[in-house]
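Visitor: Here it is, the structure in full.
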Amino acid sequence: MSPSKIPADLRYARTHEWVRERPDGTLEIGITDHAQSALGDLVFVELPEAGRVLGAGEACAVIESVKAASDIYSPVAGTVLETNEALVSTPETINQDPYGAGWMLRLRPAESGTADGLLSAADYQQILQSESA
Amino acid sequence: MTNAAEQIIFERSRPGRGAYSQWPEDSEPPDDLPPALRRGRPPLLPEVSELDAVRHFTRLSQRNFSIDTHFYPLGSCTMKYNPKACNTYAMLPEFLGRHPLAPVSHGQGFLACMYELQEMLKAVTGMQAVSLSPMAGAHGEFAGVAMIRAYHAARDDLARDEILVPAAAHGTNPATATMCGCVAREIPVGPDGDVDVAALRAAVGPTTAGIMLTNPSTLGVFERRIEEVARIVHEAGGLLYYDGANLNAILGKVRPGDMGFDVIHMNLHKTFSTPHGGGGPGAGAVGVSRRLAPFLPVPIVGREGERYRWLDERDLPQSIGRLSAFMGNAGVLLRAYVYMRMLGREGLARVGEFATLNANYLLARLRQAGFDAAYPQRRASHEFILTLKRQAREFEVTAMDFAKRLLDYGYHAPTTYFPLLVPECLLIEPTETESRETLDGFVEAMVQIGREAETRADLVKGAPHTLPVRRLDDVRAARHPDLTWKPAVP
Amino acid sequence: MPFIPHTEEDVRQMLEAIGAQSIEELFDEIPATLRIRGLDGVPEAMREQEIGRLMTARAHADGRPLSFLGGGAYEHHIPAAVWAIATRGEFYSAYTPYQAEASQGTLQAIYEFQTMMASLTGMQVSNASLYDGASALAEAALMAVRAHRRSKSQRILVPANVHPHYRQTAVTTAGQQGLKFESLPYDPRGGHLAAEGLVPYAGQDVTALVIQHPNVFGVLEDVDALTDRAHAQGALVIAVVNPTSLALLKPPGEWGTEGADIVVGEGQPLGVPLSSGGPYFGFMTTRTEYARQMPGRIVGRTVDLAGHAGFTLTLQAREQHIRRGKATSNICTNQGLMMTAATIYLSMMGPQGLARVARTSHARTRDLVAALARLPGVRPAFDRPFFHEAVLRLEQPVGPLLEQLAAGDILGGLDLGAWYPELGSSLLVCATETKSDTDLERYAGAFSTALSAVRAA
């Protein structure tokens, strides 16, 4: 298996989500290359409704492959602004481009909601290594 | 097996054709039904002759593996031979024709069988009372956990909503906990396959409703500290649920009731040899200790003198209630009854013995042939786990590849990738009805496939090659669901 | 040994290969304190010939009465070919079709079944069966809560004219997860649910309305008005239907403007014997958009490595073996063989044969009701059209009358007193295509005699 890509400019959660801070202060969330590779070919994505208020660590989406289903947890607290509806008809986009076109949702972070407590790329890399050991 | 593709039955359909002799006489179109309630377009059903239908479904049947045609070493499924007499005597016309709401005056024969079945199941499990109404293992699990909840509720002990399950539990266990409004909490399993008792001790408390265990466990080994487990859970105020999936292993040797379990479900389609029917029907009778008896699902068969009758909510006011429209899978229960009577007390005790003998023999032979047991220090119960992680590493041939290649050799695949705890696992359960020659043939096939994995890995990875279809594109099936046939648009 | 093929020599050699002295030694990990010595309480073994004699005698004791019972299970003619094929070992003794390549027969049969049930109910997708009609209603209620994302109340409205056992099963099953089932009264004259009955719930959060059609009284509901009203008030519609009736009646997918959302029912009338209540099978169909909220197995058509069409279980991430605690249901084993039998039955019946079964059953019940209503003190309880069951109101208590009839080997119907005491002495009768003119005459004659006898007593 080829090593997973872990872009240095993103933040990560232990549950294998990534967070991108956008210029306007909103956050973009998706799943990591490692996560998509472990799940295999994705066949279904269920996304939250816009406007939903999420707590940090709250289950907010579901992705399915043929052999597994997995909950996606919001790494930070906030309100759902929009979701990537294109994934509903082409879930394989997450497999192909997990950090780009495969983004899942955008959040307006709550006052308490910040990406600061999340893992850096290096920390996440270390966690993956310790998991596979 | 036949590999010739079989048309979809709708493709055989021709307007105006039909199985006329099977149809009733016609009647005038009804004049009393309001037009708004009547059907316009007829339903899409095939229009075929009797011979068309007979040939089509017979050919379909020939595209299946079955116990009658193949060895099925499917771990945790107990695919033993289904004696034909069980089918014949359950299908006597009076039994088939008996209406579920018929008065007991026209059901004493049937009810006698059901009552005696309840009594025999009590005897083999050591439980105090039995209800036959659950229609499958998971249905029995539901009844069991619902009874545990009802028991706590009746004592005003309302905080207990946690069901403990070992990490290796069958998926129905946590799913059942959810169905019952509880939360499943996993207990780790130690390296020897037994429940981690220290972790269990730390997990129990005032929110513990109970624990669900199979014994022997899904890892194919007997939970040696079961008495201690029972004590810990009971002292914390929880109850013990026995998942009867593996009852075949211990039949006649040890009883769940004696191990301290409060409630058990039995898969009659496993241990008591009723057929699997390509996915069902089963029967999931539940047995309980005295303290849970008031909560049993209704109806139950009771006896007053020489007469049998149904016991319902009036007799069991604390019952969790009704699980289905009528009394459960009566026809399956009759088959189990005939099976138990044909084996009798000695025959039933031999089941556990020979199931265990066959499993240990098969494990010994496979290990001699170079395969790795997942728990080499442990005695196999009625089933055991091989791990193919070495083969996966060395030849990139997975447990799934082995399983699929076995199909080419004429053996149904063992259970693969369950339990998830063991990497690249095959869970193998030969059952007592298979002969030594069959087991030897299976070992030979495994050895052959092992050789192929080394020398011709592609052959194994591309298997099966000789069945009606090759490996199917599951991803496409799930991404673009084609769930019903649609006529071609002209 | 019964069903164990081992010779003494086999056992000796097998133990040698294991390295054990005795079979007993293989149980050495079980604590000695737990071991039992034997299975007292189980009788001695019987040979096939002996059990055959016993079962035949017991079957004979139950007899083959002339039955006019309905109430959720219906006597229909089953073509000989149905069970001749369904009990072939390749269907009967096959396992769940997880290994798709070794199960194409069962899988294709399920795909054909899904097609038939979807069309019969007027919906887009079907699963591969649930336990029975009542448990299917319970699952439909749970599914409605998942499917109706905007509704948070978990309130399900269930009219009192839904089969009481179905209502009880739904409460037992879905009540555990906090669903609330609220009863709606039926119209005392028509036996149906009036659409106005839903008005008090306008503006409230209701997850779903259950409509049984025909209902437990055999009465047809005003399905278009009810469906539209429920949808207008923001509730989903769960239809509980008799599959035979759908050859004649508008399918739930066409009820009202948008159709029902989830359709369930008892599959027994489609080629499954009465057999004291089971095994039967529950069916469930729905809209495409709710397919992933369905419980139970679903089969899809796809292609294999070589590009040939084949069938496989699909959308499995809904199920317990993958989703565990978050599965749509804990169901695993279903009623596969009964579903296979139903597929064969529907193939032999076709659209024309099934329509004949429905029309003739309806006509026979009308004949029966007309014949009985001619007797003194007997009249139909409701004034609305029915399918193949109807309620009669009597002036005498029903129990003694039925006992008298049963003594003459006639099961005269179902005493509704226990379920619906407000109806007084009332009897639910059913006559399907299996009843001849002679049968109806025999029943009416015996009924008349029994009425006089009970009156005199």
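Visitor: Within the range C:1-20, work out how many residues are facing chain B (nearest Cβ under 7 Å) and among the charged types (D, E, K, R).
Guide: 1
Visitor: Can you work out which of the residues in the range B:299-345 that are among the aliphatic types (A, V, I, L, M) and part of a strand (DSSP E or B) is nearest to the other protein chains (Cβ to nearest Cβ)?
Guide: B:VAL301
Visitor: Moving to a separate point now. Return the residues of the range B:261-271 that are in a loop (DSSP other than H, G, I, E, B) and either among the β-branched types (Val, Ile, Thr) or surrounded by fewer than 19 Cβ atoms within 10 Å (Cβ to Cβ) (or both); say none if nothing qualifies.
Guide: B:THR271
Visitor: Suppose we filter the range C:59-84 for residues that are surrounded by fewer than 22 Cβ atoms within 10 Å (Cβ to Cβ), under 29 Å from B:MET79 (Cα atoms) and in contact with a Phe, Trp or Tyr (Cβ under 9 Å, 6 or more places away or on another chain); how many remain?
Guide: Summing the residues that are surrounded by fewer than 22 Cβ atoms within 10 Å (Cβ to Cβ), under 29 Å from B:MET79 (Cα atoms) and in contact with a Phe, Trp or Tyr (Cβ under 9 Å, 6 or more places away or on another chain) in the range C:59-84 gives 1.
Visitor: Quick one: count up the residues across the range B:44-86 that are more than 18 Å from the chain's Cα centre (by Cα), part of a loop (DSSP other than H, G, I, E, B) and more than 7 Å from chain C (Cβ to nearest Cβ).
Guide: Number of matching residues: 2.
Visitor: Which residue pairs have Cβ atoms closer than 8 Å, lie 6 or more positions apart in sequence or on different chains, and pair a first residue in the range B:375-393 that is assigned by TED's automatic domain parsing to the domain that holds B:THR356 and farther than 16 Å from B:PHE418 by Cα with a second residue that is in a loop (DSSP other than H, G, I, E, B) and among the hydrophobic types (A, V, I, L, M, F, W, C)?
Guide: Close Cβ pairs satisfying both conditions: B:ARG378/B:VAL221; B:ARG379/B:VAL221; B:ARG379/B:PHE222; B:ALA380/B:VAL221; B:SER381/B:VAL221; B:SER381/B:PHE222; B:SER381/B:ILE250; B:GLN391/B:VAL397.
Visitor: Of everything in the range B:210-246, what is touching a Phe, Trp or Tyr at 6+ places or on another chain (Cβ under 9 Å), more than 12 Å from chain C (Cβ to nearest Cβ), hydrophobic (A, V, I, L, M, F, W, C) and touching a residue at least 60 places away in the same chain (Cβ under 8 Å)? Give them in sequence order.
Guide: Matches in the range B:210-246: B:LEU219, B:LEU239.
Visitor: Still on this structure, I have one more. Taking into account only those residues within the range B:440-478 that are crowded, with 16+ Cβ neighbours inside 10 Å and of a type in the set (Lys, Arg), which is farthest from B:ILE428 (Cα to Cα)?
Guide: Selected residue: B:ARG476.
Visitor: Scanning for something at the interface with chain B (Cβ under 10 Å from one of its Cβ atoms), in contact with a strand residue (DSSP E or B) (Cβ under 9 Å, 6 or more places away or on another chain) and of a type outside the set (Lys, Arg), does the range C:198-210 turn up at least one residue?
Guide: The answer is no, given that none of the residues of the range C:198-210 is at the interface with chain B (Cβ under 10 Å from one of its Cβ atoms), in contact with a strand residue (DSSP E or B) (Cβ under 9 Å, 6 or more places away or on another chain) and of a type outside the set (Lys, Arg).
Visitor: Then there's this: Would you confirm whether or not the range B:63-70 contains a residue that is modelled with pLDDT under 95 and of a type in the set (A, V, I, L, M)?
Guide: no
Visitor: Of all residues in the range B:354-364, count the ones that are within 7 Å of chain C (Cβ to nearest Cβ) and crowded, with 23+ Cβ neighbours inside 10 Å.
Guide: Counting residues in the range B:354-364 that are within 7 Å of chain C (Cβ to nearest Cβ) and crowded, with 23+ Cβ neighbours inside 10 Å gives 5.
Visitor: Quick check on the range C:388-409. Is at least one of its residues under 19 Å from C:LEU66 (Cα atoms), in contact (Cβ under 8 Å) with a residue 24 or more places away in the chain, in a helix (DSSP H, G or I) and not aliphatic (A, V, I, L, M)?
Guide: yes
Visitor: Considering only the range B:171-179, I want to know if a residue exists there that is at negative phi, more than 8 Å from chain C (Cβ to nearest Cβ) and in a loop (DSSP other than H, G, I, E, B).
Guide: Scanning the range B:171-179 turns up no residue that is at negative phi, more than 8 Å from chain C (Cβ to nearest Cβ) and in a loop (DSSP other than H, G, I, E, B).
Visitor: Checking C:GLN320 against (1) touching a strand residue (DSSP E or B) at 6+ places or on another chain (Cβ under 6 Å); (2) of a type outside the set (Phe, Trp, Tyr); (3) at the interface with chain B (Cβ under 7 Å from one of its Cβ atoms): exactly one of these is not met. Which one?
Guide: Looking at each condition in turn, C:GLN320 falls short on (1).
Visitor: While we're on this one: Going through the range C:59-92 one residue at a time, which ones are over 30 Å from C:LEU416 (Cβ atoms) and either part of a loop (DSSP other than H, G, I, E, B) or at the interface with chain B (Cβ under 7 Å from one of its Cβ atoms) (or both)?
Guide: C:HIS60, C:PRO79, C:ALA81, C:ILE85, C:THR87, C:ARG88, C:GLY89, C:GLU90, C:PHE91, C:TYR92 - these are the residues of the range C:59-92 that are over 30 Å from C:LEU416 (Cβ atoms) and either part of a loop (DSSP other than H, G, I, E, B) or at the interface with chain B (Cβ under 7 Å from one of its Cβ atoms) (or both).
Visitor: May I ask you to say which residue of C:TYR166, C:TYR186 is crowded, with 22+ Cβ neighbours inside 10 Å and not in a loop (DSSP other than H, G, I, E, B)?
Guide: Unique residue meeting the criteria: C:TYR166.
Visitor: What residue, of C:TYR290, C:TYR280, is of a type in the set (Phe, Trp, Tyr) and assigned to a helix (DSSP H, G or I)?
Guide: C:TYR290
Visitor: Every residue in the range C:21-58 that is crowded, with 16+ Cβ neighbours inside 10 Å and either more than 7 Å from every other protein chain (Cβ to nearest Cβ) or of a type in the set (Ser, Thr, Tyr) (or both), please.
Guide: C:LEU54, the sole residue that qualifies.
Visitor: When you check B:SER133 against the structure, is it within 12 Å of chain C (Cβ to nearest Cβ) and over 17 Å from B:LEU240 (Cβ atoms), yes or no?
Guide: Taking the combined requirement at face value, the residue satisfies it.
Visitor: In addition: When the range B:272-298 is examined, which residues are found to be touching a His at 6+ places or on another chain (Cβ under 8 Å), of a type in the set (A, V, I, L, M) and in a loop (DSSP other than H, G, I, E, B)?
Guide: Listed by number, the residues that qualify are B:ALA283, B:ALA285.
Visitor: A further question follows. Examine the range C:307-314 for a residue that is closer than 30 Å to B:PRO166 by Cα and either of a type in the set (Gly, Ala, Ser) or more than 7 Å from chain B (Cβ to nearest Cβ) (or both), and state whether such a residue exists.
Guide: Yes.
Visitor: Do the conditions hold for B:ASP243, that is, is it within 17 Å of C:LEU34 (Cα to Cα) and either buried (at least 21 other Cβ atoms within 10 Å of the Cβ) or assigned by TED's automatic domain parsing to the domain that holds B:VAL165 (or both)?
Guide: So B:ASP243 does not fit the description; no.
One line per residue, one yes/no per condition, for (1) crowded, with 17+ Cβ neighbours inside 10 Å; (2) in contact with a His (Cβ under 8 Å, 6 or more places away or on another chain); (3) in the same structural domain as B:PHE272 (by TED's automatic domain parsing); (4) free of Cβ contacts under 8 Å to residues at least 40 places away in the same chain:
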position: B:CYS182; (1), (2), (3), (4): yes, no, yes, yes
position: B:PRO191; (1), (2), (3), (4): no, no, yes, yes
position: B:VAL197; (1), (2), (3), (4): no, no, yes, yes
position: B:MET259; (1), (2), (3), (4): yes, no, yes, no
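Visitor: Being in contact with a strand residue (DSSP E or B) (Cβ under 7 Å, 6 or more places away or on another chain), more than 7 Å from every other protein chain (Cβ to nearest Cβ) and in a loop (DSSP other than H, G, I, E, B) is the filter here; which residues of the range B:445-490 pass it?
Guide: Correct list: empty.
Visitor: Which one of C:SER93, C:SER67 is touching a Ser or Thr at 6+ places or on another chain (Cβ under 6 Å) and not charged (D, E, K, R)?
Guide: C:SER93
Visitor: May I ask you to verify whether C:THR340 is assigned by TED's automatic domain parsing to the domain that holds C:ALA118, at pLDDT 95 or above and assigned to a strand (DSSP E or B)?
Guide: no
Visitor: Here's a follow-up. If you go through the range B:365-410, how many residues are buried (at least 17 other Cβ atoms within 10 Å of the Cβ) and assigned to a helix (DSSP H, G or I)?
Guide: 15
The values are calculated or read from the model by the stated rules, or taken from the named source; none is laboratory data. Values in this document were obtained by computation on a predicted structure and should not be read as measured data. Positions of Cβ are backbone-derived with ideal geometry, glycine not excepted, and every protein chain shown enters the neighbour counts.
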